[in-house]
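S.K.: Right, I'll just put the structure down here and ask away after.
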Amino acid sequence: MKKNEGHEQTGIKPLIPDRKVGIIGYGAYVPRYRLPGTEVARIWTDGTSGSPVKEKAVAGLDEDVATMSIEAARNALARAGIAANELRAVWVGSESHPYAVKPTGTIVAEAIGAVPSIQAADFQFACKAGTEAIVAAIALVGSNMADYAMGIGMDIAQGRPGDSLEYTASSGGAAYILGPAEKSLAEIEAVYSYVTDTPDFWRRQEQKYPEHGQRFTGEPAYFKHITEAGKALMDALKMKPEDFAYGVFHQPNTKFPQRAGSLLGFKPEQTAVGLLSPVIGNTYAGASIIGLTAILDQAKPGERILLVSYGSGAGSDAFVIKVTEAITERQKLATLTADYIQRRTEIDYATYARYRGKLAMK
Amino acid sequence: MEIPRHWRLKQQRYALVGEVCPHCDAKIFPPRDVCPECGGEAREAYNFSGKGEVYSFTRMGEGPAGFEEQAPYTVALVKLAEGPVVTAQLTDLGDTKVEIGMPVEMVTRRIRQDGDERGMIVYGYKFRPVMQG
């Protein structure tokens, strides 16, 4: 690969650190409960509307972004085989941090035993807060300031009762430990982000539920940012869709990531493994990176993966990732994403309303 | 307000950090600095594996103060793989029927909030049916 001179026509320079960086460990988390789309339709449309996903994962009464991040982080540590106190950062990206003020990162770091010699902070960028935390972790390792850093994307997504988002807004995410490429199970070859001010989806301070721009969330927002980021990165690296075994994109529903893949030139078989939204819903900051855990769970050495996240507001982070020999022995060191998905207890709308705090108790 | 107590107990609650006795190798939980087996001083931290089995259990139809909104739930005596028995809630049961001897594993969850929704969130250990062997 040519060193970072940028693309001759576009001039776009991907982010490539001086010191090569890779994924040392990864871990997923999906809570146990599932709300089928038919349940939301039963309550709000007399069962007449279709659902953009089969079902969505719902966190239990005692779960939040901190507890789910702790489990994903423990899975990532198990695969990394490093001691928690070797981490120099625990960064958590989410739009549903349990506290408005008080970092989730400190709770996670304390629980996994990573304190006190660390950076800890929370990232917020709608659904790309997790990949933004990972880019920061890449920079910390790539600049030689640290050997290991953790980036997490996790959400208990909010959707207004009856809104179209209620079919998909779900719970889950993933944790990644970044470290030197020579110790990695997958090398991060390059990153490129494409960001503009685009008001497609937001939640104001102290509001419980987000607002969105209906159809505006598609073309100028989701598709524009994902395709620009993905295409620019592939162009800069002189890569084509055929160079990738897998593609994984932010997945707010089933159709958007399928179409984004096809716009970027990916075939359905390249994107099928990472497409989890039909069975777990949209985990917001966790969505693209939990798709990546499903790919890593079965990837083979030498395979390339294109990941493009999307966060409303808006922006996309694109990553080119190359799987190394170390993957095979580390896949089984923690719970596989498929095992989390398979562990499911279906709930009805009333139980969902109770678990997600939609009942007024006082 | 019990903030100092929550803060003091966080390591044992978040991650089952107990102690190991340097004299007789007994694993101690909760940590108490004196070995309940041999009486020797024991201050070395020990990370429990989090694996265990249900020693006994009961179903709480009505929760005590701070736990009302969680009822009904199951509380168990969990015999940890390393020996000690701890009291904890079982979680993520779904439709799993609880039985004595059922293998369980530790997860860190929200236990309750200190006071009302303005208070700090208290996290700690619970146990769920094991996900993998």
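The values are calculated or read from the model by the stated rules, or taken from the named source; none is laboratory data. For clarity, every value in this text was computed on a predicted model and none was experimentally measured. A quick note on method: Cβ atoms are made from the backbone with ideal geometry, for glycine too, and the neighbour counts reach across all protein chains shown. To get the accessible areas, we keep the full protein, side chains included, count just its heavy atoms, and leave off ligands, DNA and RNA. Shrake-Rupley method; radii C 1.70, N 1.55, O 1.52, S 1.80 Å.
S.K.: With every atom except the alpha carbons ignored, what do you get for Rg and Dmax of region A:1-88, in angstroms?
M.R.: Cα radius of gyration and Dmax of region A:1-88 are 21.5, 58 Å respectively.
S.K.: Take the alpha carbon atoms of chain B, find their radius of gyration, then divide it by 2.2 N^0.38 Å using N residues; give the quotient.
M.R.: This ratio for chain B stands at 1.11.
S.K.: Provide the solvent-accessible area of residue B:24, counting protein heavy atoms only and rolling a 1.4 Å probe, rounded to the nearest 10 Å².
M.R.: Rounded to the nearest 10, that gives 60 Å².
S.K.: Tell me the label-point distance for the pair residue B:33, residue B:8, using the 7 Å Cα-to-Cβ offset, in nm and rounded to one decimal.
M.R.: Label at residue B:33, label at residue B:8, 1.0 nm between them.
S.K.: So for chain A, averaging the separation of alpha carbon pairs under 8 Å that are six or more residues apart and normalising by length, what relative contact order in percent results?
M.R.: Contact order relative to length: 25 percent.
S.K.: At what distance in angstrom do the alpha carbon centres of region A:2-76 and region A:295-344 lie from each other?
M.R.: A separation of 11 Å, based on Cα centres.
S.K.: Sticking with this structure for a sec: If you take each beta carbon of peptide B:11-17 and count the beta carbons of other chains within 10 angstrom, what is the mean?
M.R.: 3
S.K.: Accessible surface of residue A:51 in the full protein assembly, 1.4 angstrom probe, to the nearest 10 Å²?
M.R.: 50 Å²
S.K.: Using alpha carbons only, how many degrees (0 to 90, rounded to 10) separate the axis of helix A:129-142 from the longest principal axis of chain A?
M.R.: On a 0 to 90 degree scale, this one is about 20.
S.K.: Solvent-accessible area of residue B:13, probe 1.4 Å, all protein chains present, reported in Å² to the nearest ten, please.
M.R.: 40 Å²
S.K.: How much length is gained if the chain between residue B:67 and residue B:49 is pulled fully straight, taking 0.36 nm per residue apart and subtracting their Cα-Cα distance, in nm to one decimal?
M.R.: Length gained, residue B:67 through residue B:49: 3.8 nm.
S.K.: Output the lone cysteines of the protein assembly as shown: those with no second cysteine's C-beta under 4.7 Å from their C-beta.
M.R.: Lacking a cysteine Cβ partner under 4.7 Å: A:127.
S.K.: Let me ask something additional. Relative contact order, percent, of region B:3-129 when contacts are C-alpha pairs under 8 Å separated by at least 6 residues?
M.R.: 22 percent
S.K.: Moving on. Pairing the Cα long axis of helix A:287-296 with the longest principal axis of chain A, what angle in degrees results, from 0 to 90 and rounded to the nearest 10?
M.R.: It is inclined by approximately 60 degrees.
S.K.: Which sequence of A:150, B:102 reflects their accessible areas, 1.4 Å probe, from the largest down?
M.R.: B:102, A:150
S.K.: May I ask you to list the aspartates and glutamates whose Cα is less than 19 Å away from that of residue B:27, ignoring any residue fewer than eight positions away on the same chain?
M.R.: Of all the aspartates and glutamates, those that pass the test against residue B:27 - Cα under 19 Å, at least 8 places apart if same chain - are B:19, B:37, B:41, B:44, B:53, B:82, B:105.
S.K.: Still on this structure, please answer the following. Treating the angle as unsigned and between 0 and 90°, give the value, to the nearest 10°, between the Cα long axis of helix A:224-236 and the longest Cα principal axis of chain A.
M.R.: 10 degrees
S.K.: From the P(r) of the protein assembly as shown, could you give the percentage of C-alpha pairs in the tail past 40 Å?
M.R.: Within the protein assembly as shown, distances greater than 40 Å cover 20 percent of Cα pairs.
S.K.: Now for a separate question. Anything over 31 Å Cα to Cα? Flag those among A:20/A:300; A:322/B:126; A:267/A:358, in the order listed.
M.R.: Result: A:322/B:126; A:267/A:358 exceed 31 Å.
S.K.: Can you give the mean number of other chain Cβ atoms that lie within 10 Å of the Cβ atoms in peptide B:108-114?
M.R.: Per residue, the number of nearby Cβ atoms from other chains is 5 on average.
S.K.: Here is a follow-up. Ranked by accessible surface with a 1.4 Å probe, highest first, in what order do B:44, A:329 come?
M.R.: A:329, B:44
S.K.: While we're here: Using the alpha-carbon centroid of each, what span in Å lies between region A:183-261 and region A:104-143?
M.R.: Using only Cα atoms to place each centre, the spacing works out to 21 Å.
S.K.: Additional query: How shielded is A:62-74 by partner chains, expressed as the average number of their Cβ atoms within 10 Å of its Cβ atoms?
M.R.: Mean inter-chain Cβ contacts per residue within 10 Å come to 4.
S.K.: Here's another thing I want to ask about it. Quick one: Debye curve from the C-alpha atoms of region B:46-112, no solvent, what's log10 I(q)/I(0) at q = 0.13, 0.15 Å⁻¹?
M.R.: -0.36, -0.48
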